[in-house]
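Here the structure is laid out as structure tokens; the discussion comes afterwards.
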Amino acid sequence: MLKVCWRMFDPSPLPRVFAVPPGVDFPKTLVRGLRNRCAALPPEALARVELVVNTRRMARRVRELFDQGPACLLPRLSLVTDLGESVNLAQIPPAIPPLRRRLELTQLVSKLLDQQPDLAARSSLFDLSDSLAALIDEMQGEGVSPEAIRRLDVGDMSGHWARAQAFIGIADQFIDSEDDILDTQARQRRVVENLIEHWRADPPQHPVILAGSTGSRGTTLMLMQAVACLPQGALILPGFDFDQPDQVWAQLDAALTSEDHPQYRFRKLMNQLGLSPDQITAWAQDNPPSPARSKLISLALRPAPITDAWMSEGPQLTDLHGATKDLTLVEAQSPRAEALAIALRLREAAETGQTAALITPDRMLTRQVSAALDRWNILPDDSAGLPLQLSPPGRFLRHVAALFARRLDGEALLTLLKHPLCHDGGERGSHLLHTRDLELDLRRHGPPFPDAASLTAFAIRKEVPEGWVHWLVQHFCDQQIADELPLTDWVDHLYGLAQAISAGNTDDPGTLWDKNAGQKALAVVTELRNEAQHGGTMTAHDFADLLGALLAGEEVRDRDAPHPRIMIWGTLEARVQGADLLILGGLNEGSWPEAPAPDPWLNRQMRDKAGLLLPERRIGLSAHDFQQAIGAPEVWLTRSTRSDDAETVPSRWLNRLTNLLSGLAEQGGQTALAEMRGRGRQYLGWSEQLEYAPEIKAAPRPSPRPPVGSRPRRLSVTEIMRLIRDPYAIYAKHVLRLKPLDPLVQAPDALLRGIVIHEILEQFVKDSVLDTALLTRESFLKRAESLLVQHVPWPTARKLWLARLERIADDFLRAETTRRSDGGPVAFEAAMKLALSPLDFTMVGRADRIDLNSRGALRLVDYKTGAPPTESQQAKFDKQLLIEAAMAEQGGIEGFDPLPVAEAIFVGMGGTYKEIPAPLTKEPVDKVLAELKQLISSYLEPDQGFTSRRMLHKDTDIGDYDHLARFGEWDRTSNSAPEDLK
């Protein structure tokens, strides 16, 4: 039997490297070149080709292109990370899970911080562990030993370096660990090294082609060098700039100044292989969609030290109109305007049948564009998906974990009860009904921290089913854990509690782990459970932070029949996919390119000396992605000139392109740039028209005039001030019968402080009336502390309020002793009621305290925890005590005959002790009653309106009904608009 020998490539003394220029559909050109080179060979020749690509997306696209025909035997397709699996690797153990290494690092960093707290803040524990894990991965991937790091010349950075060495020393034990314990990067490098050794001993004779990689990582670069030197090996580089002159290539040798250039990695590869730029040939005869544009972009992206080439080479660019005729520049005023213009163009593409893709690293922009497309029922095919922590299961798990970390409050309870995954095993409607009743009850009655007793009391009041209440109490109350627990226990607690809360008080399981997001969340929890034994002990807060970080590192894609031609891609996909229209969005510094993350361990010079990657590497990769994408048939370049709070800086690549065009006036560069911007302004104008809304006339200052029969016939004495200052509030409360919704989360606010201080004073004064020996500072503060513990569940607020009472206790006791010398208290919280004849109107109230002096006259006392009103304010609008005095002399106090009022005082119990008497002499009872009747009678007249904010003390004062009155559309200078109501 004769053996058929054939070759895809002719023998070559040099490493074999091909390339595809920017703007060309790389996978399509790759497949076409393979077919062309195998056209004259036997059919099985293509099946013998071993094609290695760098990403799974690239592999899928290549497979799809082959499936489109014509029919053929397929090459052996694999990934760079799987290349060595075909060799006997029994001696190389599998890599340990990255999560295990992260947990181990967290423990070690935690112990180090416990021993040396001055090294870093405890809150940075997980960030330091992640950063250290990334450094270990990088050292292993680049083949850098710990000894190389220790030998670095630190110069004058000894202090910082000593602290960094304490952490980097942790990495030594992982990098120098046993051969059977390998991280993913360490194992991948070991696999590649073994494969290269195998190839040296027995080089494969079939074609081995590595396509699509730029060699940005050390292990991949080492593999590329080996493939290029195989007898039938070849590299195919994406986005190689054939227009770049040799002298520019030579300038890229300096890593510190050229790392951010899009072609730097190719220069580094050429140096490793001993090749010059002219020895890299085109893989196929596919020209870019616009060769003129490719030359323009190549010149614009020259390294910064040699941009003087613009002066010499710029005049040689003669077809600037052809280079830019399919470029559109959108410079929007805001991110929203940018997103709307992009969405409008994508909708146009959907209507005309174009394949269009938005490429941007700005996830906020992609969400805004998706939201704008939703108005036309266009669902883009988003390759990135949604961060798992923001998905319903991710949020649900984070809320459940938070139950362990803090005391249960109303907000946390209702957040979980209202979550769509809570109690969705069955009877979801009844659950939501009970949750609504519970929310209203918590708002009205509290307590701020629900517990088993309060929830049981609610169930009795509302007759809630016993099963639901038992489920609620069992799974939500007393979940806070203050002790440190092993991570295994935390995960078990989380898993069991999450499932129980999701299922509800039914036998049906919940849907927490259903659909893509639920399955992804289950995978995260399962992996954490499997590796939890390596996590040690931690607090509830640390566990919640760990869970949030793990969920944030995953993404989930729930595709619901997306549009087949409208896509959203990441920057890497520009070299993988092909589209008629590419929109490069978010072209601002800090967004594209993203700012390099700060390195807490090594600066740029130290990284360069050690052989690690420079921070500019990511910028260089983004620049290469930009150069690839901008070469597409039609391209949009978009940015917003202003973010939510500041002016933005255009991306360096966009800035270079516009500056270059502006300087080529004689070749029509300025005209071409103006046309690019003109096309962008056209779409911005259309988007503004899309958002146009007719002007709505501002609401006038309301002054409703309801029918006299609907007006209130009963007010409390404290509401008279509101009637004077903000009559509209009286109308909204008593005519419309609207009441502000109580806050969900009760707080130690001024209202609660007033209630508690009133009770403290009342209880203390009552006790001291029965036993004057209790009229001491110790008794006062003891009573205050007891009631604060009973009514104020916030320790900080208790201490602050008690400290205030301690400051004013002596002044209060002296004043109280003086009052006792002339009579004493005879009533507390006394009910008051007085009919104003002939108005058919009733005044009601409740006096804080009533004293009877030695002459048989009354003393009215009202406690204020805020600033008590001055005598002038009482005379004009704050007439509470004056009206109470009038009611007392008219016999309006329940249980008291008409008696003269000798004194009425406000007792201020704020930051300092104050006593402000009511001006009874200047405002006698007869005058107060006459003015009160006049005020009430005027609001019982049909033509008197209840004007909003009629006479407030300050413009900054906030009323409960200002929103209803549309305050803000008018101000205090606006005239009221009376409106007769029926």
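Note on the range 819-918: along the principal axes its Cα atoms extend 43, 31, 20 Å, ordered by decreasing extent.
Calculated FRET efficiency, residue 352 to residue 418, Cβ-Cβ distance, R0 = 25 Å: about 0.05 to the nearest 0.05. Averaging sequence separations of C-alpha pairs under 8 Å and six or more residues apart, then dividing by the length of the chain, give the relative contact order as a whole percent. Value for the chain: 14 percent.
Model label sites at residue 308 and residue 32, defined 7 Å from Cα along the beta-carbon direction, differ in position by 4.1 nm. Stokes-Einstein, applied to the Kirkwood radius of the range 585-676 over Cα pairs at a viscosity of 1.002 mPa s and 20 °C, places its translational diffusion at 139 µm² s⁻¹. Using only Cα atoms, find the angle between the long axis of helix 466-476 and the longest principal axis of the chain, and express it within 0 to 90 degrees, rounded to the nearest 10. Approximately 60 degrees, to the nearest 10. For the range 206-308, the calculated P(r), taken from all Cα-Cα distances in 10 Å bins from zero up to the bin holding the longest distance, is 13, 46, 32, 8, 0 percent. Restricting the calculation to Cα atoms, the chain shows an Rg/Rh of 1.09 when the hydrodynamic-style radius is the Kirkwood one. State, to one decimal in nm, how far the label point of residue 364 lies from the label point of residue 604, with both points 7 Å from Cα in the Cβ direction. About 2.7 nm, to one decimal. Full extension of the chain between residue 533 and residue 12 yields a length gain of 182.1 nm, computed as 0.36 nm times the residue separation minus the alpha carbon distance.
Each residue of the range 904-911 is assigned a 3J(HN,Hα), and the resulting list reads 9, 9, 8, 9, x, 10, x, x Hz, derived from the Karplus form 6.51 cos²θ - 1.76 cosθ + 1.60 (θ = phi - 60°), x at Gly and Pro. Here the Karplus curve 6.51 cos²θ - 1.76 cosθ + 1.60, taken at θ = phi - 60°, turns the phi angles of the range 449-459 into couplings of 10, x, 9, 4, 5, 5, 5, 5, 4, 4, 4 Hz, with x standing for Gly and Pro. Angle of helix 750-770 to the longest C-alpha principal axis of the chain, folded into 0 to 90 degrees and rounded to 10: 40°.
The length gained by stretching the chain between residue 437 and residue 148 to full extension, at 0.36 nm per residue less their Cα-Cα distance, is 97.4 nm. Quickly estimate the mean residue ellipticity at 222 nm for the chain, helices only: each DSSP H run with n ≥ 4 gives -39500 (n - 2.57), and the total goes over all residues, rounded to 500. Taken over the chain, the calculation gives -14500 deg cm²/dmol. Mean sequence separation of contacting Cα pairs (under 8 Å, at least six apart), scaled by the length of the range 705-938, corresponds to a relative contact order of 19 percent. Averaging the Cα positions of each part gives two centres, and for the range 864-924 and the range 600-679 these lie 72 Å apart.
Each residue of the range 632-647 was assigned a 3J(HN,Hα) from its phi angle through the Karplus expression (A = 6.51, B = -1.76, C = 1.60, θ = phi - 60°), giving 5, x, 10, 9, 10, 10, 10, 7, 10, 6, 8, 8, 5, 9, 7, 5 Hz with x at Gly and Pro. Helix 795-820 and the long axis of the chain differ in direction by around 20°, with both axes built from C-alpha atoms. Residue-normalised convex hull volume from the C-alpha trace of the range 705-938: 132 Å³ per residue. Each of residue 500 and residue 716 was given a label point 7 Å from its Cα along the Cα-to-Cβ line. The distance between the two points is 4.3 nm.
Annotation: amide H of residue 359 within the under-5 Å range of 569, 583, 584, 585, sequence separation 5 or more or interchain, hydrogens built in the peptide plane. A straight chain from residue 411 to residue 462 at 0.36 nm per residue would run longer than the Cα-Cα distance by 16.3 nm.
For residue 332, the shell of other residues with beta-carbons less than 14 Å away shows a net charge of 0, using +1 for Lys and Arg and -1 for Asp and Glu.
Between amide H atoms placed 1.01 Å from N, distances below 5 Å from residue 879 occur with 721, all of them 5 or more places distant or on a separate chain. Please find the FRET efficiency linking residue 134 to residue 958, where r is the Cβ-Cβ separation and R0 is fixed at 56 Å, and quote it to the nearest 0.05. Efficiency, from the Cβ-Cβ distance: 0.70. Taking amide H atoms as placed 1.01 Å from N in the peptide plane, the amide H of residue 703 lies under 5 Å from those of 977, 979, each 5 or more residues away in sequence or on another chain.
In the range 307-363, inverting the average of 1/r over every pair of distinct C-alpha atoms gives 14.4 Å as the Kirkwood radius.
Electrostatic tally near residue 806: other residues with Cβ closer than 14 Å to its Cβ, Lys and Arg +1, Asp and Glu -1, net +3.
At R0 = 41 Å, how high is the FRET efficiency between residue 247 and residue 516 if r is their beta carbon distance? Nearest 0.05 is fine. After rounding to 0.05, the efficiency reads 0.20. Suppose the Debye formula is applied to equal point scatterers at every Cα of the range 388-556; what is log10 I(q)/I(0) at q = 0.11, 0.15, 0.17 Å⁻¹? Values, matching the q order: -0.45, -0.82, -1.03. Net charge within 12 Å of residue 252 by Cβ-Cβ distance, Lys/Arg positive one each and Asp/Glu negative one each, not counting residue 252 itself? Its environment carries a net charge of -1.
Every number here is computed from the coordinates shown, using simple stated rules; none is lab data. None of the values given here were measured: they were computed from a predicted structure. Ideal geometry is used to build each Cβ from the backbone, glycine not excepted, and the neighbour counts take in all protein chains shown.
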